[in-house]
Amino acid sequence: MSIWIIFKLLGSLALLMFGMKSMSEALQKMAGPQLRHVLGAMTTNRFTGMLTGMLVTASVQSSTATTVMTVSFVNAGLLTLAQAISVIMGANIGTTLTAWIMSAGMSFDITSAVYPAFFLGIILIYQKKYRYIGDFLFGLSFLLMGLGTLRVTGTEMHLGENQALLDFFASFDPDSFFTTLIFLFLGGVLTFCVQSSAAVMAITMILCSSGALPIYQGIALVMGENIGTTVTSNLAALSANTQARRAALAHMFFNVFGVVWILFVFRPFIDAVCGMVGYDVTMTKGTVATSVFLANAAKLSFVLAAFHTCFNVANTLILIWFIPQIERFVCWVIKPKKVDEEEDFRLHFITAGFMKTPELSVLEAQKEIQSFSERMQRMFNMVRELLTLSSSSNNKKDNRDSEFNKLYTRIEKYEGISDNMEIEIANYLNSVSDAHLSDDSKAKIRAMLREISELESIGDACFNMARTISRKYNGKQDHFNEKQYDHIHQMMELTDQSLSQMNRLMMGRKESFDVNRTFNIEHEINNFRDQLKSQNINDVNNREYTYAVGTIYMDLINECEKLGDYVVNVVEARMGLR
């Protein structure tokens, strides 16, 4: 075998993998938002969830994309883990469409149809309105060209006549259960190493179609691919949150359970699939005419695709009745991490390695910013509590000092968390923006970068207020009088209303959000600040309190007003107003 043929084989596999990736990403750009809405709406029970997962995966040609979308909805509380498991089951059926596309590419010479598709694709790419269709055509064309080249290369390699290869496969007893386990393990390891079940499926199709690899061992490789692809997602999910790890484990359990029961009915099940496709298992080379043998062998790629579909459909029909038990099992295996939120600097939704599709990465980032926004309101409420502690008339001063210092330390930690969250989300968005995105997603990323900057400013404003309160508490200044405390509490109440409106927008849909309510609260804050500013000058002149106390008092009022401005900026960025 020449080095040129080996490079041709590797190059065609690379072309196949790149085409699959490009096609999947183009489909997600075309239908991403609609698919998210479908996934959220059509999962009322386990059967609709399964059908939805199947249709979405068949549409975007990526079970990973569907799984990631599903996990993000579980994290957002839009789906239960049980519903997510039914969607993942459907995704396993939907992903078998890839095998059918590949079997068609292996069986027919379709490379001649690729060139008109390339020509049409480049025309569409340069037309803004249809460029995603052009990207899809390019991805599909690369996929089919890779398959066609792979088919020709497989023929040129004469694998069916390679005695060394035939002897290697013949050294395994075809009737031995141990042989099936070896090829099962081999399929899993190959898929884990290559990081593409499609590439291993293509190699399996070449080996089987050429007559080098018996069908039973070939199907054992396919079963191993099913497990290998879940090992990858489980390792990627190790750095993810609890729900992501549970979903990945449910995916692995689904495939491992399927492989276990298939092993008990291995030969009868495969013989039934072969009979359905019309492949004669008993036909051997030399017993019939070469043309008849080759015609029979040509059906092997369809046998592999049919087995892949039948295996996942049968497995789903068995396990769909036991979803609650699977949910309990994965929850029992993976316990939630007990970490104090103040100490938890890890992002909840954005996970390195688990996200593979840029369009869906934008959705994950939105969930993370929502969490960031909620955290900033909690921080502001801590500041209100700190003010109450500073004015408390508790006689046990040592006890009050301890509570005050403990709360101030928590606020300080929150300020550090807000800085880290801004940097980590910004880095993530910058890495996502390097990929090819739709115009809608690019605009969302620009808005999100502005949102996190303003949210971090809210954290700074809260910490500034906490420092001012701490300076006053630990200094020798007089206490605020009752009227001042009332005014500060009124201003903080308005600010908290503004933060609540912001979080309502972050958690809901912007089409149903009344932005005028936020603007009205901001006007109230501004007017109240101006009123208190004038009143403060008069009160200091009338010696109702000292100038130093008046300065600290107005520092808190002004910081609340600044915080209100940052909230308006977040709302405007989210609504796309500026």
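Couple of notes before you dig in:
- Within segment 541-565, the set of residues being over 56 Å from the mean Cα position of the chain (by Cα) and free of Cβ contacts under 8 Å to residues at least 60 places away in the same chain comprises Asn541, Asn542, Arg543.
Per-residue answers, yes or no, for (1) under 26 Å from Ala426 (Cβ atoms); (2) at pLDDT 90 or above:
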{"position": "Leu455", "(1), (2)": "yes, yes"}
{"position": "Ile458", "(1), (2)": "yes, yes"}
{"position": "His479", "(1), (2)": "no, no"}
{"position": "Gln501", "(1), (2)": "yes, yes"}
{"position": "Arg509", "(1), (2)": "yes, no"}
{"position": "Phe513", "(1), (2)": "yes, no"}
{"position": "Val549", "(1), (2)": "no, no"}
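- Residue match in segment 441-462 (condition: in contact with a Ser or Thr (Cβ under 9 Å, 6 or more places away or on another chain) and either among the aromatic types (Phe, Trp, Tyr) or assigned to a loop (DSSP other than H, G, I, E, B) (or both)): no
- Scanning segment 502-540 for residues that are without any contact (Cβ under 8 Å) to a residue 12 or more places away in the chain, outside any loop (DSSP other than H, G, I, E, B) and among the basic types (Lys, Arg) returns a single hit, Arg504.
- The condition of being surrounded by 17 or more Cβ atoms within 10 Å (Cβ to Cβ), farther than 27 Å from Thr388 by Cα and among the hydrophobic types (A, V, I, L, M, F, W, C) holds for only one of Val570, Val549, that being Val570.
Residue-wise test of (1) buried (at least 18 other Cβ atoms within 10 Å of the Cβ); (2) touching a Cys at 6+ places or on another chain (Cβ under 8 Å); (3) part of a loop (DSSP other than H, G, I, E, B); (4) modelled with pLDDT under 85.
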position: Phe254; (1), (2), (3), (4): yes, no, no, no
position: Val260; (1), (2), (3), (4): no, no, no, no
position: Tyr279; (1), (2), (3), (4): yes, no, yes, yes
position: Ser291; (1), (2), (3), (4): no, no, no, yes
position: Phe307; (1), (2), (3), (4): yes, no, no, no
position: Val313; (1), (2), (3), (4): no, no, no, no
position: Leu317; (1), (2), (3), (4): no, no, no, no
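- Residue match in segment 541-552 (condition: under 22 Å from Leu455 (Cα atoms), assigned to a helix (DSSP H, G or I) and not charged (D, E, K, R)): no
- In segment 299-323, the residues that are under 13 Å from Phe269 (Cα atoms) reach residues that are small (Gly, Ala, Ser) and crowded, with 23+ Cβ neighbours inside 10 Å with C-beta atoms within less than 6 angstrom, at least six apart or across chains, in these pairs: His308/Ala99.
- Leu165 at pLDDT 70 or above and of a type in the set (A, V, I, L, M, F, W, C): no
- Of the candidates Ala435, Ala443, the single residue that is farther than 30 Å from Glu544 by Cβ, open to solvent by less than 70 Å² (accessible area, probe 1.4 Å), touching an Asp or Glu at 6+ places or on another chain (Cβ under 9 Å) and at pLDDT below 90 is Ala435.
- All of Met507, Met575 fail the test of being open to solvent by 60 Å² or more (accessible area, probe 1.4 Å), farther than 30 Å from Ser391 by Cβ and aliphatic (A, V, I, L, M), apart from Met507.
- From the options Ser498, Ser512, Ser534, residue that is surrounded by fewer than 16 Cβ atoms within 10 Å (Cβ to Cβ) and within 34 Å of the chain's Cα centre (by Cα): Ser512
Yes or no, residue by residue, for (1) touching a Pro at 6+ places or on another chain (Cβ under 6 Å); (2) crowded, with 20+ Cβ neighbours inside 10 Å; (3) at pLDDT below 75:
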site: Ala26; (1), (2), (3): no, yes, no
site: Leu35; (1), (2), (3): no, yes, yes
site: Phe47; (1), (2), (3): no, no, no
site: Val60; (1), (2), (3): no, yes, yes
site: Leu78; (1), (2), (3): no, no, yes
site: Gln83; (1), (2), (3): no, yes, no
site: Ser86; (1), (2), (3): no, yes, no
site: Gly90; (1), (2), (3): no, yes, no
site: Ser107; (1), (2), (3): no, no, yes
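The values are calculated or read from the model by the stated rules, or taken from the named source; none is laboratory data. The structure presented is a predicted model; accordingly, all values stated were derived computationally and were not measured. Methodologically, a virtual Cβ is constructed for each residue, glycine included, from the backbone with ideal geometry; neighbour enumeration extends over all protein chains shown. For the accessible areas, the whole protein counts, side chains as well, though only heavy atoms, and no ligand, DNA or RNA atoms are used. Shrake-Rupley method; radii C 1.70, N 1.55, O 1.52, S 1.80 Å.
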